[in-house]
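Every read-out reported here was derived from the displayed coordinates using simple, explicitly stated rules and does not represent laboratory data. Since this is a predicted model, take the numbers as computed values, not measurements. Counting neighbours? That spans all protein chains shown, and the Cβs are built from the backbone with ideal geometry, glycine included.
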Amino acid sequence: MTMLKAQKIFSLMLVTMVLSMAELKAQLLVWPGDASNNGQVTNVDVLYLGYAYGTSGPVRDSVNTNWEAQNIDTPWNQDFPQSPIGMLNYAYADCNGDGNIDSLDFQTIQQNYDFVNVGVTADVFEQGGVGDPELSFMGIDSVVAGGNTMLTLQLELTGPMPVDFYGIAFTVEYDTLTVVPQSVMFQVEEQWINPSQPGTQLLVLDQDNGAGEFDIAISRTDQMSVSGMGTIGTMSLIIEDNLFDIIMPGTDAYLEIKNIRLINDGFETIPVLGDFLTIDLLASDDEIPQSEILKIFPNPANDYIDISTEYYPIKNIECYNSLGQLIFAQTVSSYYERIRLPGYAKGSVILKVKTDKEIYIKKIIKK
Ligand SMILES: [Ca+2]
Ligand SMILES: [Ca+2]
């Protein structure tokens, strides 16, 4: 071996050592709240927390939740079963460093939510396909008096067979032009997700980023899946009131469920199909409005309104007065329906028509 070659090998070894030391060091630093250690605190971190919930290990040198690198002196005995970024120790899920994985760590995720470290590895989501469970929007049922229109939607997890549910994280994207910012709210439905187990806590997180993304995470905490499906929660949001007067015909609001990660108690990902919902917001003028698939006429109206659709049958029709009070509701199953209006006061009426896929909101004038 020449001296030059020996030197090269030596420097290579040195570089390798430095690199592996850097790697070792990187593996031993936790950013409080980033339980998945991908460089960002998101709803997915709740799944890691929920999976490791209730376990204990070595207390960290620095028991605090400041958003800065915290050294893990002693790794825990447990690792997560799988991770897109390689082996991951339970110490990352002990967000506040006190040696227990519990509700205080959940608070740390909320406290440091959306915080970003250098070098983010994006969360990994598996897009569902035909035959996989589906997470979709269902139903609307109320308008709040006082102007703005509140929509209430059920989030339903359905599929060909019950799913093994341990936790789920997903994002509802909404249109910031039509939905009032920060008006989105979520209420979990515990009935089948967390059935009668006294003392078993459910972790539920919702976070609005203020830019049209509403993150939700739900996780069980007892290391046992439940088998089932159905409503996982209710979401409400407010549609801008003045939109009814200012929007152009054909404008719509959209909502989309995306970036879904459903896990079972083995931390395995179950692919889930997302959903989208289009809410058509038709302008109120005296012309006969026509969208591609919905016709409401005449407008203004005297005694009746005819409603017809082209592609999806009408499921439900509701009428609200200008105070937002429900004055008429009818379940339908056809492409055409006539509504009688004789007893109604003159003025504007909000008509809400629901089909399988869309909700139409239309202001009509009663003469
Ligand atoms: Ca993370
Ligand atoms: Ca802790």
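Neighbour counts of other Cβ atoms within 10 Å put Y344, Y51 in the fewest-to-most order Y344, Y51.
Taken along the Cα-to-beta-carbon direction at a fixed 7 Å, the label points for L28 and D175 span 5.4 nm. For L29, the amide hydrogen comes within under 5 Å of the amide hydrogens of I72, counting only partners 5 or more places away or on other chains and with H modelled in the peptide plane.
Here the 3J(HN,Hα) profile of the range 127-133, calculated from phi with Karplus coefficients 6.51, -1.76 and 1.60 at θ = phi - 60°, is 6, x, x, 4, x, 7, x Hz, Gly and Pro shown as x. Each part reduced to its alpha carbon centroid, the range 33-60 and the range 259-280 end up 20 Å apart. What the phi angles of the range 168-179 give under the Karplus curve with 6.51, -1.76 and 1.60, with θ = phi - 60°, is a coupling list of 9, 10, 7, 10, 9, 8, 10, 7, 6, 7, 10, 9 Hz, glycine and proline written as x. In this calculation the C-beta distance from R338 to L202 is compared with R0 = 51 Å, giving a FRET efficiency of 0.65.
As a calculated quantity, the FRET efficiency between Q182 and W67 at R0 = 22 Å, using C-beta atoms, amounts to about 0.45.
Backbone amide hydrogens, once placed in the peptide plane, bring N316 within less than 5 Å of V332, K354, excluding anything fewer than 5 places away on its chain. Placing R0 at 56 angstrom, the Cβ-Cβ distance between Q82 and D303 gives a FRET efficiency of 0.30 after rounding to 0.05. Cβ crowding within 10 Å ranks T331, T231 as T331, T231, fewest other Cβ atoms first. Each label was represented as a point 7 Å from its Cα along the Cα-to-Cβ direction; for E189 and Q111 these points are 3.5 nm apart. In order along the range 35-50, the Karplus-derived 3J(HN,Hα) couplings, from 6.51 cos²θ - 1.76 cosθ + 1.60 at θ = phi - 60°, round to 5, 8, 6, 9, x, 8, 8, 9, 5, 5, 4, 5, 5, 5, 4, x Hz, and Gly and Pro are given as x. Placing a label point 7 Å from the Cα of T121 along the Cα-to-Cβ direction, the residues of the range 84-105 whose backbone N falls under 19 Å from that point are 84-95.
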